[in-house]
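Notes to accompany the following structure.
Each reported figure results from applying straightforward, stated rules to the coordinates on display, with no laboratory input. Note that the structure is a prediction, hence the values are computed from the model and not measured. Cβ placement follows ideal geometry from the backbone for every residue including glycine, while neighbour counts extend to all protein chains displayed.
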Amino acid sequence: MIFFWAFVVGGLICVLGQIMFDVFKLTPAHTLTTLVIIGALLDGFGLYEPLIHFAGAGATVPITSFGNSLVHGAMAEAEKHGIIGVITGIFEVTSAGISAAIIFGVIGAIIFKPKG
Amino acid sequence: MADQKKKQLPPEAQQYQALQAKRETKRPVIKNCIKAFLIGGFICLIGQLITTFYIYFFNFTEQTAGNPTVATLIIVTMFLTGFGIYDHLGQFAGAGTAVPVTGFANAVISSAIEHRTEGFILGVGTNMLKLAGPVIVYGVFASFIIALLKTLFTKLIGT
């Protein structure tokens, strides 16, 4: 069942992005930034965790989960160390996505040649 | 505000804008949304398969399996981008390929490959995060504000 909900919820978040592209005529950068902020807000209100529990990768794979994990890391650290933790904890959970993108970006640039 | 701006334009320009609005190709919103739903859903479904794999074979929990899933998807994206498959997919699926984390990875990796001819420091290094930059910058900034407010709020209530 989790596979079904992953498909549906993930698909719906992409439809939201497509509506921002087509109806509100936003650029991809604006759309992705807005989605990340939406994800961060949802986690601020404690709504993203239940969504992950419900939809699994349908909630963790779209870019909204980036906002969620930024807030999540900051909050986890803030509980331990107070206000200072908000700054030190921000990248705590997100690091995998950003470091993987950078590492494989460089490896990709080494292996592949630009086309055209 | 946009209407005010329009009124100040000379009549020829207004006519031109009306013509432009009429000639602009209508975007097939519904069709695009269906494509985005199917492809985006499919990518999340693959993500769920990878997540399940990590939970069963490497003892990750539902909460911690997200990170290795994202990393795996990014490796796959590197090859798809390098062989030029992701671009074709992106033209077909629009937001369906842009919104999942693979779209973020594709933005980073394709600009890294594209600017490789300008050298590794000035080309790859400076341009890699050109498209992904705003997402990281405002994601971090918004999260900082939200986490700060939430921390202050819980402290105020706690005392």
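Among the criteria (1) surrounded by 12 or more Cβ atoms within 10 Å (Cβ to Cβ); (2) farther than 21 Å from residue A:67 by Cα, the one residue B:20 does not fulfil is (1).
Just so you know, in region A:32-50 the residues that are more than 7 Å from chain B (Cβ to nearest Cβ) and either of a type in the set (Lys, Arg) or in contact with a Phe, Trp or Tyr (Cβ under 8 Å, 6 or more places away or on another chain) (or both) include one that is farthest from residue A:61 (Cα to Cα), and it is A:42.
Scan region B:104-119 for residues that are touching a helix residue (DSSP H, G or I) at 6+ places or on another chain (Cβ under 7 Å) and within 7 Å of chain A (Cβ to nearest Cβ) and the total you get is 8. Of everything in region A:72-90, what is more than 20 Å from the chain's Cα centre (by Cα) and more than 7 Å from every other protein chain (Cβ to nearest Cβ)? Give them in sequence order. Hits for region A:72-90 are A:79, A:80, A:81, A:82, A:84, A:85. Residue A:93 meets each of the listed conditions (1) more than 29 Å from residue B:125 (Cα to Cα); (2) facing another protein chain (nearest Cβ under 8 Å); (3) outside any helix (DSSP H, G or I); (4) not polar (S, T, N, Q) apart from (1).
Within region B:51-76, the residues that satisfy the criterion of being aliphatic (A, V, I, L, M) and over 21 Å from residue B:107 (Cβ atoms) are B:55, B:65. Scanning region A:51-69 for residues that are surrounded by fewer than 21 Cβ atoms within 10 Å (Cβ to Cβ) and more than 8 Å from every other protein chain (Cβ to nearest Cβ) turns up at least one hit.
Within region B:18-37, identify whether any single residue is touching a helix residue (DSSP H, G or I) at 6+ places or on another chain (Cβ under 9 Å), more than 7 Å from chain A (Cβ to nearest Cβ) and under 30 Å from residue A:92 (Cβ atoms), and answer yes or no.
If we filter region B:18-37 for residues that are touching a helix residue (DSSP H, G or I) at 6+ places or on another chain (Cβ under 9 Å), which is where we start, we get B:27-29, B:32-37.
This time we only want the ones that are more than 7 Å from chain A (Cβ to nearest Cβ), so: B:28, B:34-35.
Imposing the further condition that a residue be under 30 Å from residue A:92 (Cβ atoms) reduces the set to none.
No: zero hits.
Being more than 15 Å from the chain's Cα centre (by Cα), under 15 Å from residue A:108 (Cβ atoms) and of a type outside the set (A, V, I, L, M, F, W, C): is that true of residue B:47 here?
Numbers: more than 15 Å from the chain's Cα centre (by Cα): yes; under 15 Å from residue A:108 (Cβ atoms): no; of a type outside the set (A, V, I, L, M, F, W, C): yes.
Spelling it out, it is not the case that residue B:47 is more than 15 Å from the chain's Cα centre (by Cα), under 15 Å from residue A:108 (Cβ atoms) and of a type outside the set (A, V, I, L, M, F, W, C).
Scanning region B:61-103 for residues that are polar (S, T, N, Q) and at the interface with chain A (Cβ under 7 Å from one of its Cβ atoms), which turns out nearest to residue B:42 (Cα to Cα)? Checking each candidate, the answer is B:69. Among the residues of region A:64-86, the ones that are more than 17 Å from residue A:38 (Cα to Cα) and in contact (Cβ under 8 Å) with a residue 12 or more places away in the chain come to 3 in all.
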